[in-house]
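The values are calculated or read from the model by the stated rules, or taken from the named source; none is laboratory data. As the structure is a computational prediction, the values presented were derived from the model and not from experiment. Don't worry about glycine lacking a Cβ; one is built from the backbone with ideal geometry, like all the others, and counts go over all protein chains shown.
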């Protein structure tokens, strides 16, 4: 089985090729599995038809590069793609053990890690928790202001606030860790 | 009589600062830009004849600092200040400070700003002038009993709104009597924190109304004309997304009736400068006065494109005591214009703000296309200001042609490095109800809103899996091919298939 980490528009996805011996291929993206069919005209630089769980997508790959970012067009939307690390080969899983493809619509998975990160750049206008506080999923942790809009940052998991890195009034970048919930 | 100004200070930034600078240049006026430390690389700084830094990025320390702006105007010998929209455009204290310092404020008097800024006074003034207002209280309401009395009279649902409010803040919907105390409390708190006054009043809530506004121009000699309507029903959270003129629901007859009310409204307050009278229209086609915007509006460009009147130039000439160059009969609306407000927000992620650096910028073009924007490749959009980064307007001989042009323009428009609301506009243009002109203020929420997120993540995941799959398949099935005049090298089967076609 082949597993790769791919950055799509700077968002990380883990892609595992579970079955690629014949079509339909079985591919897992962030723990969701899909049946994938590729039209037989596989070429770089021209649109190809990729069927994911039966739904067709027009995909255009200009080139593939191991080290530098390249672009992929999906239904006329351009994505910047970059491989994150070299491929890892796992011997533990073989092609005989296959999960059933997920039937529900695709959606992004919630970040399972402990870090609470800023989803946009902005100014921390309000901190609602301090280290030691117990929080539940969905609790407001702090308020970020960007472009005259206030956005609440909520807890993505339940736990205890271990460390608060942000402070009121400071500017934070997108992706910056604001606090840690254990 | 004054002669035309020699120098005007523009107390604003971004696309509207450029818009005003261009108008001034055409009038032969020298321009003075002010900018914050976050706007050093902004185009308005480059395009103006002179520019002055007035403080740090946060607006309260720069673009909202009345003293600094007045001082800069005096130091640079500017005779007038154009406030644009937002920031100080409707702050009576600023207009007053201009007057005190013998600087012409390009806009109405501070007394008018005050009168129309108080929504209850505005309603009363309009009702007295025989302009229909939305049923509701004609005074601020003090307690829940007063709210209940008005509600019983006009019927639920009702809205409690901030007397000094705007933009949907300090506003609460009340569906029945038992909800009054809590909703009232929340509205008061929000009004207090946003507008420094807890005063609220009551209005009947119209179900899925249209928002239609009339542009007026009034000089200081008492001449008032209107430039037709703008339909601004496509909104999200009370913020306009797309505007068009004429309104798809408008007839010549209805336009004349409502425009007469709009002119009457301006007359009633002895208005001068460019202004907009906003109406809500219910399902039966009744027009109700909503509020008057006493400034140049974001969407003024579509009116310019159907009438040919340069609103900013007219506004400036009015401020210099010139008489209106147009009579009502001179105004003809020709064709149809649609405007898309392009914001640096991610429509796939609940519209989170996306300030950042533009890595590639390529605006659309062609017949009938107008782009009002201050973007360029390499420009960094600061976090401190509004997310509006471009206005894209398309003119067509009719609505259908305008829509087709807009679709092309949106497809051509390349803004890379940040997310924008362009995909949302594309989606709206595809909607069958939009194409029929069946729109209202809840249209985007009801027909467009929830469709977006899924697809983006789907596309993103498809991009990820395609990359890995393609790479794997091409590495697995490589063969050798001879390419003339080059070294023998491996060619993937992907490439080979292309050759065989």
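Key figures
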{"read-out": "Single unsatisfied condition, residue A:40 versus (1) modelled with pLDDT of 85 or more; (2) farther than 30 Å from residue B:413 by Cβ; (3) at the interface with another protein chain (Cβ under 10 Å from one of its Cβ atoms)", "value": "(1)"}
{"read-out": "Failed item in (1) crowded, with 20+ Cβ neighbours inside 10 Å; (2) farther than 24 Å from residue B:292 by Cα, with residue B:95 passing the rest", "value": "(2)"}
{"read-out": "Among residues of region A:48-75, those that are more than 8 Å from chain B (Cβ to nearest Cβ) and on the phi > 0 side of the Ramachandran plot, counted", "value": "2"}
{"read-out": "Close pairs from region A:18-36: first within 9 Å of chain B (Cβ to nearest Cβ) and on the phi < 0 side of the Ramachandran plot, partner surrounded by 20 or more Cβ atoms within 10 Å (Cβ to Cβ) and in a loop (DSSP other than H, G, I, E, B), Cβ under 7 Å, at least 6 apart", "value": "A:32/A:106"}
{"read-out": "Residue among B:385, B:348, B:361, B:376 that is touching a residue at least 40 places away in the same chain (Cβ under 8 Å), part of a loop (DSSP other than H, G, I, E, B) and in contact with a strand residue (DSSP E or B) (Cβ under 9 Å, 6 or more places away or on another chain)", "value": "B:376"}
{"read-out": "Count - residues of region B:269-286 that are modelled with pLDDT of 95 or more, surrounded by fewer than 22 Cβ atoms within 10 Å (Cβ to Cβ) and in contact with a helix residue (DSSP H, G or I) (Cβ under 9 Å, 6 or more places away or on another chain)", "value": "1"}
{"read-out": "Qualifying residue in region B:162-177 (condition: at negative phi and part of a helix (DSSP H, G or I))", "value": "yes"}
{"read-out": "Out of A:107, A:88, sole residue that is under 19 Å from residue B:458 (Cβ atoms) and at pLDDT below 80", "value": "A:107"}
{"read-out": "Flag for residue A:132 being within 23 Å of the chain's Cα centre (by Cα) and at positive phi", "value": "no"}
{"read-out": "Strands (runs of 3 or more DSSP E) lying entirely in region A:9-70 (those with 3 or more residues that are closer than 15 Å to residue B:464 by Cβ and under 21 Å from the mean Cα position of the chain (by Cα))", "value": "A:11-19, A:25-29, A:32-38, A:55-61"}
{"read-out": "Residue within region B:404-414 that is more than 14 Å from every other protein chain (Cβ to nearest Cβ) and touching a residue at least 40 places away in the same chain (Cβ under 8 Å) present", "value": "yes"}
{"read-out": "Leading residue by the ranking (modelled with the lowest pLDDT) among those in region A:110-130 that are assigned to a strand (DSSP E or B) and away from chain B (no Cβ under 14 Å)", "value": "A:115"}
{"read-out": "Odd one out for residue B:77 among (1) touching a strand residue (DSSP E or B) at 6+ places or on another chain (Cβ under 7 Å); (2) surrounded by fewer than 17 Cβ atoms within 10 Å (Cβ to Cβ); (3) free of Cβ contacts under 8 Å to residues at least 40 places away in the same chain", "value": "(3)"}
